[in-house]
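What follows is a set of notes on a single structure, which appears directly below.
All of the numbers you see were taken from the coordinates with simple rules; none came from a lab. Just so we're clear, the structure is a prediction, and the values are computed from it rather than from any experiment. Here Cβ is always computed from backbone atoms with ideal geometry, including for glycine, and neighbour counts include all displayed protein chains.
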Amino acid sequence: MMNRPEHIVIIGPVYPYKGGIAQYTGMMYRNLSKQHDVRMISFSRQYPKILFRKEQKDPSSDAFKVEPVEYMLDTADPGSWAKCAESIRSRHPDLVIFQWWHPYFAPCYQSIAKHLGTAKILFVCHNVFPHERFPMDRVLTRNTLQHGDMFIVHSAQDGEDLRTIRKDPLYREAVHPTYATFRQSGITRSAAREKLHLPADAELLLFFGLVRPYKGLGYLIDAMPRIREARPKVRLLIAGDFGKYGDQYRKQIADRGIEAVTDVHGGYLQDSEVEDVFSAADLVVLPYTSATQSGVVQTSFGFEKPVVVTKVGGLPEVVEDGRTGYVVQPENADAIADAVIRFFSEGRADEFMTAIRQGAGRFSWDRMTETIEELWGAVK
């Protein structure tokens, strides 16, 4: 068997599709293409509008754009599944990499995986099971992942989940690589604050990403009055799409009396806006109640920003407590407040940034490529 795969196909979303999975897939393609012959297959339609009514694409944010891409897979059209499988099989790839994060893709992926000939199959599991569970998700996941020869997971929890549906799976746990691509203009902290109309001297917390119950934003909001009592200059910036939960959190902000020190940038953020909010922030807070991993930590590290995370899923595996951030108990507003107050009171921002910079190699895409090659060599 050859030492590494020569011809690789990647299946997953890429630009102009929005979201972290699309950004991840694009960066994986870029980096594997440096040393391998890689073909990128993406979706002509990722979700039917009846299931996903919001705009799925954002052509204006092209920092993660890759070429060439074949947009040939319609997840709601079985005919496109067959054509995709035949197209892949006809070129005899050594390895096909599927991006897996939700059982919605089970029928499509199963249909393709069954007809790939001798190609080996790698599933990159962003989540083995979805964050928000539903009936049949376990069966759909098991029936899809049974076609994999090897797996990459991003947390120990996902490794445990994988072992519940596959006997002795060949997998590696690889930390989520850094999303440094968001750093485009190099805008400074002060310039970003001026652009966002934020006080130059504020001690700024950032909550970033889709707002969903499991993200635990409510605990951070509950922590703010106590934080403000100890650190009067602290402000909270919430940047992300609230979906149907906007009224719920705005009411909580009002009830806690922190409207004047809370800035909300709702909706999807373009790449340049992501750079602005992270550049402006001093500390990024992920108060999640459950998680496997999160690209928000790696985005934070890409901007050399320390984080506060909860002790759930793979988050404690990527944060060095007291060195690159703080790890606190979940569902505990006081624990969040303690960490935030400690960070600003001890004045360790420069120390944390240095530690993040020193540990950057751990989150490199070169290491991810090495992991894929290692798995390939281990396939029997």
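Of note:
- Vicinal HN-Hα couplings computed from phi for region 272-279 (Karplus, 6.51 cos²θ - 1.76 cosθ + 1.60; Hz; Gly/Pro x): 5, 6, 4, 4, 4, 6, 6, 5
- Between R138 and T188, the contour length at 0.36 nm per residue exceeds the alpha carbon distance by 13.4 nm.
- Scalar couplings 3J(HN,Hα) for region 323-335, obtained by applying the Karplus form with A = 6.51, B = -1.76, C = 1.60 to θ = phi - 60°, are 10, 10, x, 10, 10, 10, 5, x, 6, 9, 5, 5, 5 Hz; x denotes Gly and Pro.
- When the square roots of the Cα gyration tensor eigenvalues are ordered a ≥ b ≥ c, the ratio a/c for the chain is 1.5 or more and a/b exceeds b/c, which makes its shape prolate.
- In terms of packing, defined here as the mean over residues of other Cβ atoms within 10 angstrom, the peptides 93-103, 206-216, 350-360 line up highest first as 93-103, 206-216, 350-360.
- In terms of its C-alpha gyration tensor, region 180-362 has a rounded overall shape, because the principal axis ratio a/c (a ≥ b ≥ c, square roots of the eigenvalues) stays below 1.5.
- The mean sequence distance of close C-alpha pairs (under 8 Å, at least 6 residues apart), as a share of the length of region 180-362, puts its relative contact order at 25 percent.
- Among 60-71, 296-307, the order from most to least packed when residues are scored by Cβ within 10 Å on average: 296-307, 60-71
- Entries of K65/K305; K18/K305; K120/K167; K215/K244; K49/K244 with Cα pairs more than 20 Å apart: K65/K305; K18/K305
- Acute angle (nearest 10 degrees) that the helix 246-255 long axis makes with the longest principal axis of the chain, alpha-carbon atoms: 20 degrees
- Taking Lys and Arg as +1 and Asp and Glu as -1, the other residues whose beta-carbon sits under 12 Å from that of S60 total -2.
- Mean separation of Cα contacts under 8 Å, 6 or more apart, over the residue count of region 16-164: relative contact order %: 19 percent
- Relative to the longest principal axis of the Cα atoms of the chain, helix 20-32 runs at roughly 60 degrees.
- Working note: 222 nm ellipticity from helices only, DSSP H runs with n ≥ 4, each -39,500 (n - 2.57), summed and divided by the residues of the chain, gives -11000 deg cm²/dmol to the nearest 500.
- Most tightly packed first, judged by the mean number of other beta-carbon atoms within 10 Å of their residues, the peptides 318-331, 155-168 read 318-331, 155-168.
- Amide H within-cut-off set for V9, under 5 Å, with H built and near neighbours excluded: R39, L95, V96, I97
- The largest-to-smallest principal axis extents of the Cα set in region 61-191 are 53, 35, 29 Å.
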